[in-house]
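The values are calculated or read from the model by the stated rules, or taken from the named source; none is laboratory data. As the structure is a computational prediction, the values presented were derived from the model and not from experiment. Note that we place each Cβ from the backbone using ideal geometry, even for glycine, and neighbour counts take in every protein chain shown.
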Amino acid sequence: MQTQVAILGAGPAGLFLSHLLHLQGIDSIVIESRSRDYVEGRLRAGVLEKGTVDALVEAGLGESLLREGLRHKEINFRFGGRNHTLDLDDLSGGRYVTVYGQQKVVKDIIAARMAAQGKILFETKAEEILGIETTNPRVRIVTKNGEQQEISCELVAGCDGFHGISRETIPSSILKTFERVYPFAWLGILAEAPPIFNCVTNVYHEERGFALLSMRSRTLSRLYMQCDPNEKLEDWPDERIWDELERRLEGTEKCTLVRGPILNKGITPMRSFVAEPMSYRRLFLAGDSAHIVPPTGAKGMNLAMADIRVLAPAMIDYFKTGATRLLDAYSDTCLRRVWKVERFSWSVTSMTHNFPEESRFDRRMRSATLDYLTSSKASGTTFAENFVGLPLENSEVQDSERDPRTVML
Ligand code: FAD
Ligand code: DHB
């Protein structure tokens with residue numbers, strides 16, 4: 001098989017890239033190891049930055065998003081048993097976030113790609129990327145029937161998530177990784193129960209730790225709480241989950257959790273991770289294959305989409321004019337913003353989660369930090385600016401500043 005861009009992974013990053021390339025007449029093949037049903041049903045992120053929504057709408061993918069997405073102009077913090085609201089609209093100069101499930105974004109883009117006869121090879125695994133240092137790279141794939149084939153292309157996009165094969169294609173002498181694994185995980189549920197608050201609520205309880213009350217609609221709650229990373233789902237029968245959430249919500253300002261049938265349950269490990277550089281010759285990493293953030297702060301999918309908002313115009317410029325300037329600058333351009341978003345996600349995680357072996361003093365400091373955040377305009381503005389989404393970095397990196405390892409042939 002032959003195409004202009006071979007894209008590994010049909011997550012939000014790979015799908016959005018194939019759609020944007022198609023709009024400019026550029027051919028791609030998306031290779032996805034899972035089935036279409038699986039990727040469309042995978043429950044994950046839910047909070048979209050304004051920049052992500054604007055990019056989807058501009059690309060003609062906004063029909064359901066604009067109809068069903070819930071606009072949130074506020075965010076709540078509950079600590080010391082009381083609620084405190086940050087007015088995102090006021091603090092960020094009229095910006096907001098939109099609650100719309102990641103699986104819906106994925107579904108919308110797959111529908112658009114299918115309508116345009118786009119090529120997505122489901123249940124096909126990318127096994128190896130070959131010849132990345134030549135002008136004609138190839139991707140070796142295996143279909144669900146065990147058939148081996150090669151896709152020959154000009155550029156490769158590694159959008160295959162944290163466990164994919166793209167990142168390891170970069171020689172180990174060049175690839176540098178930075179990682180922090182947190183000593184807790186998130187237990188997340190989707191429940192058929194109306195949300196108690198009408199905006200996302202981060203909860204901190206000095207003894208019991210973090211919980212998050214989010215939603216997917218006016219009748220579906222998406223709830224999370226920190227748990228021990230070694231715990232299994234079997235350790236958490238439904239009643240224990242509701243009881244523990246209730247304890248984290250206790251306080252003088254009462255709020256009553258509505259219990260309902262739990263439709264989905266999962267435990268997610270928490271890590272911060274960055275791979276540098278994000279490109280090597282004709283391979284370009286985007287999304288979770290290049291970086292992971294802990295979910296506190298709701299940045300993972302937004303960061304994946306931001307990479308594509310830089311990568312797609314760079315690839316389009318290359319195919320239209322032959323210029324490699326934007327592709328050569330891709331890694332540096334993205335990494336500046338990636339590190340700022342890593343910093344935000346790490347800081348919100350540290351501010352709201354209990355760590356093992358802390359003293360009472362450490363936990364009171366966390367409450368004081370939250371008190372400052374919700375009572376100081378300066379602190380609130382900093383949070384709001386990051387939560388609604390930092391602007392994309394300018395791609396005009398000077399030649400002298402460019403990382404020579406990322407330059408194409
Ligand atoms: P992925 O979605 O991981 O897609 C990669 C794809 O590549 C997968 O479909 C995989 O099957 C495929 N693949 C892997 N290896 C191969 C191979 N060898 N061959 C072929 N295909 C392959 N982010 C937010 O922005 N906001 C939130 O509110 C938020 N909440 C989250 C809550 C939870 C519980 C979790 C787990 C994550 C959350 N995130 C959030 C993070 C977000 O879901 C991810 O950052 C996002 O999915 C990254 O998209 P991606 O396209 O880079 O990777
Ligand atoms: C979700 C919301 C958040 O604010 C967050 O930090 C992580 C996840 C959600 O709705 O899934």
Query raised in the report: Any residue at all in region 285-294 that is over 19 Å from Arg180 (Cα atoms) and either away from ligand 1 (no atom under 15 Å from the Cβ) or of a type in the set (A, V, I, L, M, F, W, C) (or both)?
Result: yes
Query raised in the report: Mind checking which residues of region 160-187 are within 13 Å of ligand 1 (Cβ to nearest atom) and closer than 28 Å to Ile31 by Cβ?
Result: Asp160, Gly161, Phe162, His163, Gly164, Ile165, Ser166, Arg167, Glu168, Thr169
Query raised in the report: How many residues, within region 329-347, are out of contact with any strand residue (DSSP E or B) (no Cβ under 8 Å at 6 or more places or on another chain) and of a type outside the set (Val, Ile, Thr)?
Result: 9
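A quick yes/no check of all residues on (1) charged (D, E, K, R); (2) over 24 Å from Pro195 (Cα atoms); (3) within 16 Å of ligand 2 (Cβ to nearest atom):
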| residue | (1), (2), (3) |
| --- | --- |
| Gln4 | no, yes, no |
| Ser28 | no, yes, no |
| Arg36 | yes, yes, no |
| Lys50 | yes, no, yes |
| Glu63 | yes, yes, no |
| Asn83 | no, no, yes |
| Ala111 | no, yes, no |
Query raised in the report: Leu190 versus (1) away from ligand 2 (no atom under 16 Å from the Cβ); (2) surrounded by 14 or more Cβ atoms within 10 Å (Cβ to Cβ); (3) of a type outside the set (Val, Ile, Thr): which is the lone unmet condition?
Result: (1)
Report task. Any chance you could count how many residues in region 189-232 are more than 13 Å from ligand 1 (Cβ to nearest atom) and over 21 Å from Leu373 (Cα atoms)? Result -> 16
**Report entry** Long-range neighbours under 8 Å by Cβ, at least six apart or interchain, first residue within 16 Å of Cys334 (Cβ to Cβ) and at pLDDT below 95 within region 271-299, second acidic (Asp, Glu) and assigned to a strand (DSSP E or B)
**Finding:** none
Query - Residue that is closer than 20 Å to Tyr96 by Cα, modelled with pLDDT of 95 or more and touching a strand residue (DSSP E or B) at 6+ places or on another chain (Cβ under 7 Å), where the choices are Leu370, Leu303 - result: Leu303
**Report entry** Among the candidates Ser64, Ser33, residue that is among the hydroxyl-bearing types (Ser, Thr, Tyr) and within 10 Å of ligand 1 (Cβ to nearest atom)
**Finding:** Ser33
**Report entry** Within region 253-267, considering residues that are surrounded by 15 or more Cβ atoms within 10 Å (Cβ to Cβ) and β-branched (Val, Ile, Thr), the one nearest to ligand 1 (Cβ to nearest atom)
**Finding:** Ile267
Query raised in the report: Are any residues in region 268-305 away from ligand 2 (no atom under 16 Å from the Cβ), of a type in the set (S, T, N, Q) and within 14 Å of the chain's Cα centre (by Cα), and if so, which ones?
Result: Ser289
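Can you tell me which residues in region 43-88 are of a type in the set (Gly, Ala, Ser) and closer than 30 Å to Tyr372 by Cβ?
Ala45, Gly46, Gly51, Gly80, Gly81
Looking only at region 71-107, filter to residues that are away from ligand 1 (no atom under 14 Å from the Cβ) and either more than 30 Å from Arg366 (Cβ to Cβ) or in a helix (DSSP H, G or I) (or both); which one of those is nearest to the chain's Cα centre (by Cα)?
Per the stated criteria, the residue is Leu88.
Could you list all residues from region 247-258 that are under 28 Å from the mean Cα position of the chain (by Cα) and modelled with pLDDT of 95 or more?
Within region 247-258, Arg248, Leu249 qualify.
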Report task. Can you work out which of the residues in region 2-50 that are among the acidic types (Asp, Glu) and in contact (Cβ under 8 Å) with a residue 12 or more places away in the chain is nearest to Asp288 (Cα to Cα)? Result -> Glu32
Query raised in the report: Would you say Ile165 is in a strand (DSSP E or B), modelled with pLDDT of 95 or more and closer than 26 Å to Pro12 by Cα?
Result: no
**Report entry** Count - residues of region 162-179 that are over 15 Å from Ala126 (Cα atoms) and surrounded by fewer than 14 Cβ atoms within 10 Å (Cβ to Cβ)
**Finding:** 8
